[in-house]
Every structure is written in structure tokens, then in C-alpha cells.
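The structure appears below as C-alpha cells.
The values are calculated or read from the model by the stated rules, or taken from the named source; none is laboratory data. It should be emphasised that the depicted structure is a prediction, and the values quoted were computed from it without experimental measurement. Positions of Cβ are backbone-derived with ideal geometry, glycine not excepted, and every protein chain shown enters the neighbour counts.
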DNA sequence: TGCCCAGTTGAACGCGTGTCCAACAAAAAG
DNA sequence: CTTTTTGTTGGACACGCGTTCAACTGGGCA
């Protein structure tokens, strides 16, 4: 196996763990599978990570951080809060995000039994909520939104979206993505005092919304 | 070990599986643990269930069905739709339901990999949604609620509640139960054209709402 | 060129897993 | 009181798990 620096090897291990977890689930990701994916021996993993739990927490953290960063980058180039929120809602159920969302489901389930995972999961959930909070606050400032409790609204909206996404990813055919967008948009518009349809006036960017 | 009829033994196995899964989680529930809890040999389980996956799916189904039945019984004795919905929202985050909700988290996570679990999980989720739908429809009929899409509203409200409950159970301290009730009630009131505070005018029944 | 140390190996350890099945015992049928 | 049926036993099997560690490289420095 090609030698690497400590930094590179740690990254490579996490990369391999992500690939395996995408196929088998976080909970079913084993040391040997990760080593096999890397093309290395299994002993190598424990030379860089104290335990397998830390590898899994690292894998989740990386996937979730990248997903969040992508979302923030997309929001950054959009002008007003209404457009930003519309984009947020219209892309939340994109099939592209399904694998990352399965990671979230695994993390929420495992959080009670894996301390490192719980920490990663809860802190990243807070970051998503803060992303939403920033949009809402700027919308209240600009007069686009009417909301007396932006903090509560950010948690409510995120929870609504997560609850719907959960049905889509876990149960596949119970809810359609397009339908979920319409329902979420309606509830959020009422929550923020927006006119009906305000969050749906543009097609989702780069996402097939079936 | 005392002999039982096929029916009783199957029930006893599921009972024992539930007890174990309450402590260790669905995914960490083993044949030997279940047998030990029953005080029987481990071979007995496979005399009644083709595989361990079916035992776990059975355990989830039983817990979720009982939880649902309890909720429906409580709703049945309440008069008007507003009171029913208020009860629904005020009790959804009760600590009593935490163990059952952890079962849901496990089921949602495993659904993609355990067919029997996915079927149980998705059909029971639909039953919860239908419970909500019945309340909403009767409220629309009685003129208490204003809602053009009761079906969509039922899914949105359930998803909002699940999303909040998920934070409470998986992350423990990120959100408080009382706060979540207030947020959910606010959003639902706006969704159904209720006056602000309509769903919070009574204290939760038999639930410490910390 | 030769040494040294960091990166890497892979077998071994103890334990746990689901599944299987021949043997056993208790209840029911004759 | 036998015989048959049926619920139950518990060890065997093959495998997989996370973790450990002495032995083994191979690249960079002296």
C-alpha cells in the first residue's frame, strides 16, 4: 500500500468509510470493509483512530458538513431572503441528498448509543437551524417576512422539512417529492406571513423534483 | 420452561424482544438476549420465527400499534376536534413516549435494509397520519378549522411533530419539550386557521411537560 | 550507501452473532 | 398404561466483529 502522511491517511480512511456506509449503512460499516475499500490492511485503521465509533462519527461529520457547505454556497449567491428560502425548500427533498439524508437517519438512531455521533449530529443539526435562522432574520429585517419568533420558526421549519424528508427516504413511495414541496411551502408561507405561492414561483434549480 | 400454545409463545417472544430492545435498541437485540429474558433456550426463537429480522419487525409493530391505540383511546373520549388536536399536540413529546419514539428512529434508519421493518414502519406511519386526518376533517366539518387540503395538512403536522420529537429524543438537550409544544401549536394553529393559543389553552393531561 | 523510523501488515485473540438440528420431556391421544 | 405428538433444549457450526501487536517494509536523512 502506498504510504501517506498522517493527514492524508486519515482523510483516506474517512473517504473509504463513507463509501462503505453509503452502501451498507453507518451501523453496518466494519473495520475490514473500510480497509478493503482502501486496499489496505485492517490494522491500519486502528493506527489512526482509537475506535471504530470515531471513524463512523468522522464519516457522518464529513458527509453532513459537505452537504451543509454546498447548501450554504448555493444560498450565498441568491439575493433576497424570499428567493433564498424558496431555494431551501425546493431543493431540500432532491434525490441528490438522499444518501446524505440516510446518514442523518442512521445518526439520529445511533445517537443514543454512540456519544461521538450524538455530538456530531446535534451540532450539525444546530448549524442547519442557524442557516435557516439567518435567512429568516434577514427576511424580517427586510420586511419580507412577518415573524415574532425567528428562532422558533427556524426550528419548526427545519423539523417540518426533516419530518417530510424522513418519509421520502425511509419509506420511498409513501410521499412524493413534489407534493412534499408544495405542502412544506404552504405551511412555511403561513408561518412567515408570505402570500400563498411565494415560495413556489420558481422551479427548483438543477433538481428533478419528482 | 413452561410449555405454551403457539399463539402464547409467539407473544412471549415478542414481549421479551421489546423489553430487550427498550434497553439496547432494535439493532442490538440478539437471539440469546431475547431467550435469556424469556428464561428459555435460544433455539426456541427460531422454532417460531424464520429469522431474527422478523422478530424485530414484530417487536416494532407491537410497540407502535400499542402506542397508536393508546393515543386513539385517549382521543375517543374527547369531544370536539379542537380539544382532540390540542391533546394530540400537548402529549406528542411526553417522556412516556420516548422509548417508543426511539423504536421509530431505529425503524426509519433500518427501513432501507429490512423489508419487513419498512412495511411495518410505513403502514403504521400512515395510520398516525390518518388519525390526524380524521381529526382535521371533523374540525373542518364543524367549522372549527379552516383548511383546503386536510390530507396535506395531516402529513405536514405529523412531519412537524416527528421532526421536533426526533431532536428531543436523539439529541436530548437541544430542544425542550415545553418549547417544542409551543412552537408546534403555533404553526398548526396558523395552518388550520385557529386563533393563536387555541391549542394551548389546557395543560397536558397526565404528562410532565418539561 | 546505509541506517532509522514512520507507515503498514496480517495473523491472532476473545467474544458475539444468526442459524441449525438431533435429542429430550411433557402433554395429549389411543 | 402405552404411544404419538409437540414444545423445548443446548450445543455445534461457520462466520464476523473490534482490537492488539510483533514483525515487516520503504522513503528520506545522515
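Tabulated values for the structure
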item: Residue B:162 being away from chain A (no Cβ under 13 Å), touching a helix residue (DSSP H, G or I) at 6+ places or on another chain (Cβ under 7 Å) and assigned to a helix (DSSP H, G or I); result: no
item: Within region A:131-148, tally of residues that are within 12 Å of another protein chain (Cβ to nearest Cβ) and surrounded by fewer than 16 Cβ atoms within 10 Å (Cβ to Cβ); result: 2
item: Residue in region A:30-49 that is more than 15 Å from DNA strand C (Cβ to nearest atom), in contact (Cβ under 8 Å) with a residue 12 or more places away in the chain and in contact with a helix residue (DSSP H, G or I) (Cβ under 8 Å, 6 or more places away or on another chain) present; result: no
item: Which listed residue is free of Cβ contacts under 8 Å to residues at least 40 places away in the same chain and outside any helix (DSSP H, G or I), from B:148, B:123; result: B:148
item: Residue, farthest from DNA strand D (Cβ to nearest atom), within region A:1-29, restricted to residues that are in contact (Cβ under 8 Å) with a residue 12 or more places away in the chain and exposed (fewer than 14 other Cβ atoms within 10 Å of the Cβ); result: A:6
item: Residue among B:58, B:27 that alone is within 16 Å of DNA strand C (Cβ to nearest atom) and modelled with pLDDT of 95 or more; result: B:58
item: Residue within region B:54-72 that is within 16 Å of DNA strand D (Cβ to nearest atom) and at positive phi present; result: no
